[in-house]
């Protein structure tokens with residue numbers, strides 16, 4: 001006999017699924033990899049990531065910011081200056097990103 005609680009409980013999602021929900025997408029891994037070396041401005045990230053459209057890059061950056069993987073710093077000056085950097089949580093992805101880069105280099 002299945003109890004009511006057993007019916008309601010769902011199996012824990014695969015950890016890889018959770019990771020891919022956060023860093024998955026065409027541009028997020030490149031954005032994050034380029035932020036490993038330090039703060040970047042929007043245009044620099046766009047160029048380094050492979051030139052996604054401004055709209056797509058903005059959406060990907062917002063998602064990463066909402067997941068607390070990156071932070072966005074706005075400097076009060078004219079013209080406004082915005083820089084992106086990894087949060088402490090984002091920096092924990094460094095090993096994953098480095099391993100992805102190593103794998104890509106080995107299997108070109």
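Scan segment 59-81 for residues that are in contact with a helix residue (DSSP H, G or I) (Cβ under 8 Å, 6 or more places away or on another chain) and over 21 Å from residue 96 (Cβ atoms) and report the count. Walk me through how you get there before you give the answer.
Filtering segment 59-81 for residues in contact with a helix residue (DSSP H, G or I) (Cβ under 8 Å, 6 or more places away or on another chain) gives 60-61, 63-64, 67-72.
Now narrow it down to the ones that are over 21 Å from residue 96 (Cβ atoms): 72.
Qualifying residue count, segment 59-81: 1.
Can you pull out the helices (runs of 4 or more DSSP H) entirely within segment 13-108 that have at least 3 residues that are surrounded by 11 or more Cβ atoms within 10 Å (Cβ to Cβ) and touching a residue at least 40 places away in the same chain (Cβ under 8 Å)?
Where helices (runs of 4 or more DSSP H) fall fully within segment 13-108 and carry at least 3 residues being surrounded by 11 or more Cβ atoms within 10 Å (Cβ to Cβ) and touching a residue at least 40 places away in the same chain (Cβ under 8 Å), they are 15-23, 28-35, 94-106.
Each value in this text was obtained by applying a stated rule to the coordinates, not by laboratory testing. The shown structure was predicted, so the numbers you read here are calculated from the model rather than taken from an experiment. Note that each Cβ is placed from the backbone with ideal geometry, even for glycine, and that neighbours are counted across all protein chains shown.
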